[in-house]
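Notes to accompany the following structure.
Coordinate-derived values only; no laboratory data. Every value quoted in this text rests on a predicted model; they were computed, and no experiment measured them. Cβ sites come from the backbone with ideal geometry, for glycine too, and all protein chains shown count toward neighbours.
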Amino acid sequence: MATLAPPVPDAGRSPSPAAPATRRRHRGGSKAGKPGPVTYTLLTLVALVSIFPLYWTLVAGSHTNAEIAATPPPFLPNASLFDNFQAALEQAPIGKAILNSVLVAGSITVGTVLFCTLAGFAFAKLQFRGKGVLLGLVIGTMMVPTQLAVIPLFMMIAELQWVNQLQAVILPTLVSAFGVFFMRQYLISALPNELLEAGRVDGASTFRIFWSIVVPVARPAMAVLAMLTFLTAWNEFFWPLIALTTANPTVQVALAGLGSGYVPQRSVIMAGTLLGTLPVLIVFTILGKQIVGGIMQGAVKG
Amino acid sequence: MATVSFQQASRIYPKAERPAVDALDLEIADGEFLVLVGPSGCGKSTSLRMLAGLEEVDTGSIVIGDRDVTDSPPKERDIAMVFQNYALYPHMTVEENMGFALKLAGISKDERATRVREAAKILDLEPYLARRPKALSGGQRQRVAMGRAIVRNPQVFLMDEPLSNLDAKLRVQTRTQIAALQRRLGTTTVYVTHDQVEAMTMGDRVAVLKDGVLQQCDTPGELYDRPANVFVAGFIGSPAMNLVTGDAVDGGVQVGNAVLPVPREQLTRAAASNGKVTVGFRPEAVRLAGPGEGLPVRVDVVEQLGSDAFLYTSLADAPDDVLHSADLVVRTEPRSAVTTGQQLWLSTDRGAVHVFDAQTQQRVD
């Protein structure tokens with residue numbers, strides 16, 4: 001289950017050191033006993049280092065350009081935040097970009113989670129000819145760098161007349177080799193064969209088994225994959241920059257056009273970045289609760 | 001309710017050297033409780049899974065009622081199965097677990113609820129219907145797995161070692177409950193276990209398998225009294241039957257320096273293959289004889305069980321190369337004065353000796 005440790009978003013980490021400490025105490029058994037001051041100090045330090053970039057974004061985004069450049073730099077948020085928001089929203093269609101990004105990242109997440117769970121289930125638990133070769137092929141695609149695919153992909157998009165349309169960034173990433181492999185690994189260990197056999201004896205079709213038995217069991221892994229996928233899709237810059245224009249951008253493409261000029265307006269860039277990060281933070285807060293461990297407990301005698 | 005029939009059914013796993021189940025012929029009567037028993041890897045679970053449709057049948061056929069189901073998927077066989085580890089759906093409540101098959105069969109919600117409640121009542125599960133499996137004890141989970149089977153009212157129950165995850169006390173309790181439930185419902189049942197006590201106490205008939213081959217299928221009493229071969233003789237009964245192999249000599253079988261008496265006619269036929277004969281006698285068929293009479297043995301261990309005592313002995317005068325495995329077990333009165341290291345002489349009850357051909361391992365009467 002090591003692969004299932006919740007991913008640590010660089011900005012969305014809870015600063016509370018108590019939660020991981022408690023978990024550790026439960027896992028480590030009574031041998032380790034209660035965590036001491038060293039543990040707490042270390043965890044606090046890690047938490048502070050993790051949250052600092054986000055905090056600095058807030059600080060820089062709430063000052064003017066001149067204030068950020070001062071020595072020593074400011075360490076507390078200021079009142080200019082909303083002015084900078086305003087400036088950012090005027091300079092780039094950030095509202096539209098957020099909407100686009102929500103659509104793009106949302107569609108990619110739903111598609112990836114659905115298709116990867118289907119494929120992962122097939123590779124993990126179904127018997128069919130050529131399974132090993134197919135899995136090898138899927139994993140092999142991970143070795144092909146994205147940059148290599150950009151030109152043929154763009155030609156295809158142009159052929160379909162999808163340039164500057166959202167489907168151009170959604171469709172090529174609806175399924176990921178990593179996701180397939182990840183779901184396969186999870187289901188191999190988390191889904192007992194007996195559960196599938198019980199379903200078959202109960203009269204369920206393979207699709208019904210998938211829907212009624214596999215998906216509920218796979219939910220923790222699906223939540224992890226969803227978080228990872230959403231984050232990757234939200235942060236994706238290279239391909240959207242090529243396929244879209246600044247008139248119909250995603251957040252990252254829009255931010256690239258922000259604060260440009262002879263002197264880059266760092267405070268406006270930071271304010272825009274903050275705006276662009278908020279939806280991700282919200283998604284993580286919601287999905288974090290979905291990672292319910294122990295859902296398999298009690299299925300089979302362990 | 002239905003009969004079940006295995007007709008020369010075999011299962012050969014790819015790349016396996018020998019079949020997991022080899023030409024199994026078995027007729028199970030309507031309403032019968034048949035137990036498949038054998039050591040691990042004997043093919044008992046595979047046989048059950050073939051009947052369930054979870055395992056292919058490579059040759060031969062399987063018939064339920066008058067329908068050949070050899071190539072039918074599980075859902076067309078009208079069977080219900082109880083798995084060793086219960087295989088309860090973890091995200092469903094007890095009620096949903098029990099009603100899932102009915103839901104798939106398109107049975108209305110009300111009817112479903114009624115049938116689930118009936119089954120829950122029989123199994124004493126009513127207070128737990130809203131719980132998830134993880135909030136239940138092992139025994140309760142086991143009963144939910146049973147409930148999931150009986151709620152469907154299938155033609156055949158299949159049970160794959162359903163008690164092996166319970167503790168010893170609960171196992172004995174549940175054993176009688178399952179047997180009673182089966183009698184009450186009258187549903188044909190095939191039950192797999194590796195525990196010969198379960199097999200003997202639960203089954204109308206018991207089928208003993210070894211290496212994928214059916215050794216004997218008979219009532220528990222018949223299996224115990226007339227085992228068909230050396231394997232069945234040694235497998236059924238606890239402690240196991242004493243089995244010793246020796247040369248046929250005048251009047252019996254040479255064991256160490258003593259001769260175990262065997263009737264002449266049996267001896268002749270049993271020794272026909274290679275002159276060696278295997279004789280078996282149960283621990284309760286052994287008597288302590290006077291000094292110098294019968295088999296001389298040395299007591300290695302004395303087991304006091306309260307109601308009985310078992311003496312684990314070895315032949316006192318056996319040469320090193322002969323019969324070193326022939327540890328003989330003797331049942332005696334409890335609290336007897338026998339102590340470890342003591343020398344005793346054993347004799348067997350006359351009609352209680354089982355005779356086998358040492359080469360073919362088959363019983364000779």
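Numbers below:
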read-out	value
Other protein chain Cβ atoms within 10 Å, averaged over every residue that makes up A:191-197	5
Qualifying trypsin sites (Lys or Arg not before Pro) for region A:139-220 [loop in DSSP, other Cβ within 10 Å: at most 16]	none
10 Å Cβ shell holding at most 16 others, DSSP loop, GluC sites (Glu not before Pro): longest site-free stretch of chain B	B:57-292
Order of A:Phe121, B:Phe310, A:Phe182 under a 10 Å beta carbon neighbour criterion, fewest first	B:Phe310, A:Phe182, A:Phe121
Spatially near lysine pairs across chain B, Cα under 21 Å, sequence gap of 8 or more or different chains	8
Packing-based exposure ordering (other Cβ within 10 Å, fewest first) of B:Asp66, B:Asp160, B:Asp71	B:Asp66, B:Asp71, B:Asp160
Distance between modelled label sites at A:Ala256 and B:Arg350, nm, 7 Å Cα→Cβ extension	10.5 nm
P(r) histogram, all alpha-carbon pairs of region A:39-301 included - 5 Å bins from 0, percent	1, 6, 10, 12, 13, 13, 12, 11, 8, 6, 4, 2, 1, 0, 0
Per-pair calculated FRET efficiency, R0 = 30 Å: A:Trp162 and A:Val102 via Cβ, rounded to 0.05	0.95
Reciprocal of mean inverse Cα separation for region B:146-235 (Kirkwood radius, Å)	14.1 Å
For region A:188-236, radius of gyration divided by Kirkwood radius, i.e. Rg to Rh on alpha-carbons	1.17
10 Å Cβ neighbours from other chains, averaged over peptide B:104-117	1
Tail beyond 49 Å, pair distance distribution of the protein assembly as shown (Cα, percent)	40 percent
Nearest-0.05 FRET efficiency for B:Ala29 and B:Ala240, computed from C-beta distance (R0 22 Å)	0.15
Footprinting exposure proxy for A:Met143, A:Met155 (fewest neighbouring C-beta atoms within 10 Å first)	A:Met143, A:Met155
Net lengthening on full extension, B:Gln304/B:Lys276 (0.36 nm per residue, minus Cα-Cα)	6.6 nm
Label-point separation in nm, A:Glu90 to B:Lys134, each point 7 Å along Cα→Cβ	5.4 nm
Cα point-scatterer Debye curve for region B:4-67, base-10 log of I(q)/I(0) at q = 0.15, 0.20, 0.26, 0.29 Å⁻¹	-0.43, -0.76, -1.23, -1.45
Convex hull volume of region B:26-130 per residue (C-alpha atoms, cubic angstrom)	153 Å³
Full-stretch length increase - A:Lys34, A:Ala149 - with 0.36 nm per residue and alpha-carbon distance subtracted	36.2 nm
Normalised per residue, the volume of the convex hull around the Cα set of chain B (Å³)	167 Å³
Once the Cα gyration tensor of region A:57-189 is diagonalised, semi-axes √(5λ) in Å	43, 21, 14
B:Ala168 versus B:Asp365: modelled label distance in nm, points set 7 Å from Cα along the beta carbon direction	3.7 nm
Peptide-level mean, for B:92-100, of C-beta atoms on other protein chains within 10 Å	2
Two-decimal ratio, region B:180-322, of alpha-carbon radius of gyration to 2.2 N^0.38 Å	1.27
Relative packing of peptides B:204-215, B:140-151, B:231-242 - highest average C-beta neighbours within 10 Å first	B:140-151, B:204-215, B:231-242
